[in-house]
Each structure stands twice: as structure tokens, then as C-alpha cells.
């Protein structure tokens, strides 16, 4: 990457305060995350619950829960996010990044009108006049496909459906004109039929404006459709990072292969769904070696003892001791 | 169940604060019941030489303006101060529970009428009803207790009603109905038994508030009256107040506060909540570390 | 919204009417004839007896008597005092003002200290919160008469900062005299309100929409004001309305303790003097205050939280 990356995470580790343990005991939830995002690029973060994907974007916006500790560095356009003072942080949150949350109904104040929600940041952070701000809001609402936008401004959140509220959320992010969008499972809380529409709008508008995006989801296929690169996370670590187009052919980590293999296919006839045995673990539950060791079909003693590093393999990065051997087995099989 | 096992279970259910509170209340109760045997003096025995005597070996808590031993008056006072609320709560439960259960079981019209009645009675402050009663029937414990009992019926009955309604819609009630058990039997043997902890807990809290109300009425001279030893009456000691002696007033006051505090804690533990004032009836969400807005992280 | 107001108003009026029935009818529950109750232990002349009997319209059926009485009340005729012979309304008028001032003063103290303490507790979890919790747990059980006696003893008798009884002249004098009574009534209520506001604020602080506001770069004070405090208001306002109605009832005790000439003290002294028309009238006023406060809280809640603007009963 020759130009300054829009977003760069180096060795990002997050520990949460442990309630039950003694004071000072900390639970790691993110363990050495390294990522770089070019301006205008879309990166997918895929993982199950406990993988740390949400925590990653919270670290990027510095909205970690109370008592959390952050190690490592996060740089936005070269600036160290962790070192920002209050004013710089507010400017960064206002104009640098925009976040789309998972459940719009919970994330929009139910006692205030949609209009107030949309123009709040413009009016307070940038001193835009109310009428001007409302005019801009109407424009953006139209772009996200909401009809009769002027009337919507007067309505309350409980009068809108989930899909419409998520579009409102997207609109509010676009209004702020950020350079990076962080979308944390934006369609998980919506009906399946609405998902495609909402993701489509988000994708189109992002490309039109040339915005960077980190797209979090547990749905691998969704990430592959929307993003240029996809990072698969497990137990607070990135286990595979690859170009989206190549993931199907060149997926190498056993976990990624498990995810790909467990999707039911309409073309095949199968007796049982292929599932990965065991349950997903969080960073603080994993041992000294590879976090996936207990669930991996290819596990060897070295896997439990030594932590694998993220290393290049076949055009992407993979965190696995035995990746070369496994790939060979697949070819032979 | 063996008594030791029962005690252990009670201790576990009450928790450390609840157990302390329960022990305290038992001590007070014993003092009240055994006052004639345990109290060092007759509560009405005057000894002007000892007027406002400070605490000493002969008067552990000192004496009041006319030389009556404060400790003895507190012990005898416990009798009236505890008896009144006990009557209030018992009557309120005896009347309120059947009404609430009937409203719950029959639903519909019966329910709305009874709920309306509760609303009306609830609209009048208990103290005021007691004042009305006293103005009609003259001062005394009987009119005060009668009026307060009526005033407390809605407070307890509404809780019974809410809890019973929850039970009513549970599948087991339908199952019992289908098996042919009658309304009374289901209500009493099953529903009532299941809501007993909540009801008893609230009854304990109501006991505390009734104690406060009756003490206030006695303070005003409308319920128990001087010279009878009663905590409320003792707090109203004018002479002590004007001459600047605070122990004759503080002692009964502190006792009242401690009793109500204990009862509130016990009541909350029995009904299964963390101790909190009765006004607070919100669903509790599990506490999560409050995010960036508090403390230093931003 | 208009429907909601009408609905609540209807409920309020019904409750007031039924309470007035109870207050009116209580006269007839007592032993002896109504005139006996009114005269109490006084020995009336035959003329006085006849006058009272005539005023009570004892020849009319009960509902008619009730109606006459109610109409009279609504016109400001609260009857005649058995003790002073003057109109009850006159007696009550001046006293009402003092009581209103007292209740207002007390509630101002409660709101400032209660919400302040609650806010501090909510914003500083840990040692500060635990201490505040312990303090409020105790203050919630301190009844107004105990507080009254202790306050008189310490601040009036020993320190002499405030008068033991009565109120001074002029607004300043009145407030000076009403301060201790107001504090006596406020102690218990401060504890309640502190706990309620602490819980309401803590709940709001953890809501996700607060995160949204923060991540948009809004300054902390704006987020606190527009998203946290504003949303936490409904339970706080309900509590304030309930506590106000309770404070009206407490005036019976505290005004007597401090000899403040308000309607509470008037009620108690009238009971002592067996002046039933006054007791009746003041009871009606206190109930009205009580009921109005409760109804007001419903309405204000609906104003703030648009989701509550249906006509279902709130809890």
C-alpha cells in the first residue's frame, strides 16, 4: 500500500475488566489484530459471536465499555486515535467515521422525532442552521429510498418499520459525510426480504461517494458479495485474510473451510448439515496454542502448544501451523 | 423439617442484611412480649428526683421529664407500637386477599368493579382517613386501626391481584381446571401458595409503613395517648424538646427507624427482590459496566 | 393527545366525586345523630339545634342532601365552623396559602437534592454510589415527626437558627419559619427520589441510543442532557407527583409539630375542638390535592414519551 491507509490497526489487543475475578484480572477479547484499509476500500469482518468483530469497531471509535484496556495502535489517516484529545476525538467521530449499528430501534432515541435525530449532529457539531440541515436530511432520505421524506422528519421512531429505521440510520451516517463507514451487522435485525434492499442501498451509496467501509457480519456470503477483502475472525484473532473473489477457491484455514462447508446447498442432496463440532470460543477461553485447536479436525500437538502467526499463503494471510499440509490433503482428496 | 434445617434455610433466604434485620425484630418482639418480666421499672412510675437523668447504671437509657425510665417505656411501648400495625396488616390481608383473588379469578366485570373500588380508596391518604375516623369516633387505637386497615387494603390487594393474575394465566391453572378442581381449591391451594412469598414480603413492608402511620397518629395524640408508653407518644414529649433534652426523643425515634428499616429489608428479601422502597416498581435489567459516558474513558 | 387528556380528566373527576361522597357520608357513620356529632360535647341551645338541623336539610333524602352540599362546596361555601361560627372557607383561605408555600418549599428541596444525589450516584458508580445508597436507605425510613422533633431540638432549641414554632411576617419571615418543617418532610422524600432517579439514570446510561449519540461526536454534556436525562424524566416525574401528594398528607403532622398555621394544623386542631365541618372541608381539599397530583403525573409523562400517548392505564 503506497498511499496512507485510511485505517490501520497494529497489534490491537483489548482486555475487559473481569467482574468475578480479583481486581486487576483482565479478560482478553481481542488479541493482536493487524489490519489496513485503503481509502474507498470495503473490508468484511466475518465471525461468530465471541469472535471480537464488534469489539474491533468499538475500539476504532474508542467506545469501549468502562474498564476496558486497549493495547496496540489504531491510526486513522495517519493520526493516532488513542492519542486524540477530546476535541480531536469529537471531530474524528463526527466527520471521520460513521457507524451503522445492528438494531436501529434500540439505537435511535424513541422519544425524539426522526428529524431531530438526523439533524442533531449537523446542528450541534457544525453549526448548520436548522432549515438548511432539514433540507439536507430530506435529500439524503430520498437517496436511501424513503418516500415522503418531509413527513418522515416529523414522525417518531415507533411509527417506522425496522427496515425504514435502518435506512434512516444509514442516512444519518451519510449526512455526516464521513470517510469511513463502520457497519456492525446492519441487516441482522431485519427481515430477510429487506436485507438485500438495505445492503444494496448501502453498497451503492458507498461506492458513489468513494467511502471506505468495514462491514461486520456473521454471514460469509454477504461479506463476499459486498466487500473487496474479507477477514475471518475467531476468538479475538484474525485467522484468514483474503481477496473476496478468491475466497471460495483458495480458503485455507480449517475454520474458514468449516464455514464454507456448513452452508446448505440447494443443488446437493445431503443427509445431515455439516457443522463444525463444538462451540465458538472467545479470546479469554482459549489456551496458549491455536484457539481453534479443540474443534479442528487436523489438530496436532504443536497446535495446542504454540500460537500460530498470521502468515502469507497462496495470496492471502492465514494463521495455522498446518495450512500447507491441509491444502495438500484437499488437493489429493 | 427439623428446626435447625429451617433456620439455615431462613438464613440463606434472608441474606446477611435480612438475617440481621430478623434478629433485631425478634429481639424487639421478645422485649415487647416479656416486658412485664424484663423491664427494670414500671413504665408509668414517676420519680421527679430523677427528672431527665442521664444514662446510668440505674437508668440504662436515662429518664424523661417526670423521671420515668426510658428503657422500660420503650419496652412497654413496643407492645402498642407493634400491636397496632399487626392488626392493620392482618385486617387488610383478611379483607384484601379474598377480594383480590375473586377479582383475579372471575375477571371481567367483577375485576373492574373491585379494581375501581381499590382506586378510590387508594386515592385517600391513610392518615386522612384516620383523622376523619378519629374526629367522628373520638381518639383511640380502635378508630385509628380501623381507618388505616381500610386504607391499606388497596395497597396489599393490588399486589396480590397482580401476582395472582400472573399465576392465573399459567398453564398449570388450566390443567387443574380441566381435571375438575374447583375455583376455590385451585385458588387457595395453588395460586395462593405460589404468591405467598411476594404477599408476605409486601405485608412486612406494609407493617413498617403502618408502624410509621400509627406512630405519627400517636404523636398527634389521635391514636395512643399520653401517658401510655408508646413510641409515637414518646417522640412528642414537649417538655424534653423545649428544655433541650434529646435522648427521650431520640431513643424512640431511632427505634422506629430501625424497626421500619428492618421490616423493609426483610420484606424485600422474602418477596425475592433486592431491598428497595415500595415506590420503585421497575423491571430490573442486569447491570452492565456503564460505557464511555461515566468515569474517565471517552 | 386530546383524547388522553379527556380520559384522565374523567378519571380524576370520578375519583374526586366518589371521595367526596365518602367524606360527606362519614358524618352519618358515626354513632348518634348527625347533629350530635356536629355539636360534640357542646350544649347547644334549642335555636342553635334547629338552625343546624335546618342547614343539614334533615327532612330531605340523603342523595339530595349530598347534592346540596356538593353544589355549595363548588360555589365556595364550605359550611360554617361550629367553633367560631364564621364561614369555613374564610378560615381555610389563609391557611391554604401557607400550606401551599410549605409544600412547594419542601418539594423544591426534594427535587434539587433528590435528583442531584441520584445523578451523582448514577454517574459515579463505585464508592460514591455505595455511600449514597446507604444514606438513602436510612433516610427513606425517617418519618417526618421524628425528623421534626430532632430538627427542633438541634436547630431551634440548641442552635436557635430557626423558630421553634410559627412563621414570621412577610415572605422572608414565612420562608424562614417554614424551612425546618419543609426539611422535616423532605428527608424521607429525598431518599425516595434519589433512589428512583439513580435507577432511572443508570438504566438510560446503558441504552444503546446513547452510544449512537456519542459515536456521532456529540459533546458529552449534550448527550447527557438530550438523551439521558430527558429519557429518564418519566419515572422521576411520576415519583415527584406521588411524593408531592404524600407531602400534602404529611402537613397534618409537620404543621402541628411546628405550629405552622396551615390547613394540616387546622385539621388537627379542629379534630381536637370537634369542629367537624372544618375537618370535612379540609379533608376534601387534601384529597383533591392528592388526586390532582397523581393525575398530573400521568399527563406529564405522556407529554415526554410519545409512546405513552394511548389511553391505556399506566401500571
Residue check: is residue A:54 surrounded by fewer than 21 Cβ atoms within 10 Å (Cβ to Cβ), in a strand (DSSP E or B) and modelled with pLDDT of 85 or more? no
One residue from C:183, C:142, C:138 being within 7 Å of chain B (Cβ to nearest Cβ), over 30 Å from residue A:98 (Cα atoms) and under 19 Å from the mean Cα position of the chain (by Cα): C:142
Considering only the range B:224-254, state which residues are buried (at least 20 other Cβ atoms within 10 Å of the Cβ) and under 17 Å from residue B:32 (Cβ atoms). B:224, B:229, B:230, B:231, B:232, B:233, B:234, B:251, B:252
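Check whether at least one residue in the range A:128-150 is surrounded by 15 or more Cβ atoms within 10 Å (Cβ to Cβ), farther than 24 Å from residue A:189 by Cβ and within 13 Å of another protein chain (Cβ to nearest Cβ), and report yes or no.
For the range A:128-150, residues surrounded by 15 or more Cβ atoms within 10 Å (Cβ to Cβ), farther than 24 Å from residue A:189 by Cβ and within 13 Å of another protein chain (Cβ to nearest Cβ): absent.
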Across the range A:276-306, what is the number of residues that are part of a loop (DSSP other than H, G, I, E, B) and crowded, with 17+ Cβ neighbours inside 10 Å? 11
Any chance the range A:198-214 includes a residue that's outside any helix (DSSP H, G or I), touching a helix residue (DSSP H, G or I) at 6+ places or on another chain (Cβ under 7 Å) and crowded, with 23+ Cβ neighbours inside 10 Å? yes
For the range B:208-223: of the residues being surrounded by 24 or more Cβ atoms within 10 Å (Cβ to Cβ) and assigned to a loop (DSSP other than H, G, I, E, B), which is farthest from the other protein chains (Cβ to nearest Cβ)? B:223
Could you say whether any residue in the range C:60-73 is surrounded by 10 or more Cβ atoms within 10 Å (Cβ to Cβ), at pLDDT 70 or above and closer than 20 Å to residue C:274 by Cα? yes
Working carefully through the options C:76, C:94, find the one that is part of a helix (DSSP H, G or I), surrounded by fewer than 21 Cβ atoms within 10 Å (Cβ to Cβ) and more than 13 Å from chain B (Cβ to nearest Cβ). C:94
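Give B:173, B:142, B:198, B:110 a once-over and let me know the one that is within 14 Å of another protein chain (Cβ to nearest Cβ) and either in a helix (DSSP H, G or I) or buried (at least 19 other Cβ atoms within 10 Å of the Cβ) (or both).
B:142
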Those residues that are closer than 18 Å to residue A:179 by Cα and assigned to a loop (DSSP other than H, G, I, E, B), I need them from the range A:98-126; list them, please. A:101
Residue identified as closer than 29 Å to residue C:77 by Cβ and touching a residue at least 24 places away in the same chain (Cβ under 8 Å) among C:232, C:289: C:289
Being modelled with pLDDT under 50 and at the interface with chain C (Cβ under 9 Å from one of its Cβ atoms) narrows it down to one of B:261, B:250, B:293, so name that one. B:293
Could you list, in sequence order, all residues of the range B:113-139 that are facing chain C (nearest Cβ under 8 Å), within 23 Å of residue C:268 (Cβ to Cβ) and without any contact (Cβ under 8 Å) to a residue 12 or more places away in the chain? B:123, B:128, B:135, B:136, B:137
So the helices (runs of 4 or more DSSP H) completely within the range C:209-315 holding 3 or more residues that are within 14 Å of chain A (Cβ to nearest Cβ) are C:220-223, C:230-258, C:276-304
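Go over the candidates C:160, C:168 one by one and state the one that is within 13 Å of chain B (Cβ to nearest Cβ) and assigned to a loop (DSSP other than H, G, I, E, B).
Numbers: C:168 fails: within 13 Å of chain B (Cβ to nearest Cβ).
Going through C:160, C:168 in turn, the sole match is C:160.
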Yes/no for residue A:95 being within 10 Å of chain C (Cβ to nearest Cβ) and assigned to a loop (DSSP other than H, G, I, E, B): no
Test residue A:29 against the stated conditions and say whether it is touching a helix residue (DSSP H, G or I) at 6+ places or on another chain (Cβ under 7 Å) and at pLDDT below 90. yes
Only listed residue being modelled with pLDDT of 90 or more and not in a strand (DSSP E or B), chosen from A:59, A:3: A:59
Considering every residue within the range C:193-204, establish whether at least one is in contact with a helix residue (DSSP H, G or I) (Cβ under 6 Å, 6 or more places away or on another chain) and either surrounded by fewer than 20 Cβ atoms within 10 Å (Cβ to Cβ) or farther than 30 Å from residue A:107 by Cα (or both). no
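Report yes if some residue within the range A:174-183 is within 14 Å of chain C (Cβ to nearest Cβ) and under 16 Å from residue C:209 (Cβ atoms); otherwise report no.
No - not one qualifying residue is present in the range A:174-183.
The values are calculated or read from the model by the stated rules, or taken from the named source; none is laboratory data. All values reported here derive from a predicted model rather than from experimental measurement. Here the Cβ is made from the backbone with ideal geometry for all residues, glycine too, and neighbour counts use every protein chain on show.
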